[in-house]
Amino acid sequence: RDAGFNSGPMADGSMRRLLCQIPGPPGTDWAGGCFPLLVDLGGYPTKPPDCHFPAREGPSLLQRPLTKSAKVLALPTAQRDCHGNGFMHNNVYPSGKVCLSTLTPVHESGWHPSFTVAEILLSVQRL
C-alpha cells in the first residue's frame with residue numbers, strides 16, 4: 001500500500017488475479033475518487049498483465065472492499081450505458097481493458113519483465 005493504492009487477491013483466492021484500488025490523482029477531475037482495477041498476472045513477468053476496470057452492470061467482481069472509507073465513483077446509468085465500465089477515457093476500451101503501451105507484448109511495444117506491479121498501477125493512474 002502506497003499513496004492511497006490498495007491491492008489484494010480476488011475473493012477466489014487466486015494470487016495471480018488482483019483487485020487493486022487506484023486513487024484519483026490530486027488536481028484532476030478524478031481527485032477524491034477510488035477506482036477499482038482488476039489485474040490478471042497470468043504470464044507475469046515474462047508477459048504483461050491484463051488490466052481492466054470492471055463493469056458496473058451485472059454481477060460484481062468486487063466481492064469485498066479493500067478499504068471501508070474508499071469512495072468508488074460511478075456515473076449515472078445513461079452515461080454508463082455508452083461505456084460498459086462506468087466511465088469514458090481515451091485509454092480505456094468499452095470493455096474496460098486498459099490500453100497502455102507498456103502493457104503490450106515485448107515484440108509489439110514497450111513491455112519489459114522488470115516492470116513492477118506498483119509501476120503498472122502508477123502508469124494507469126497517470127493516464
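Taken together, the values in this text are just the output of simple stated rules run on the coordinates, not laboratory data. No experiment lies behind these values; they were computed from the predicted model shown. Cβ: placed from backbone, ideal geometry, glycine included. Neighbour counts: every protein chain shown.
Once the Cβ-Cβ distance of N91 and E119 is raised to the sixth power relative to R0 = 22 Å, the FRET efficiency obtained is 0.85.
Residues whose amide H comes within less than 5 Å of that of F35, counting only those at least five positions distant or on another chain, are I22, G24 (H built at 1.01 Å from N in the peptide plane).
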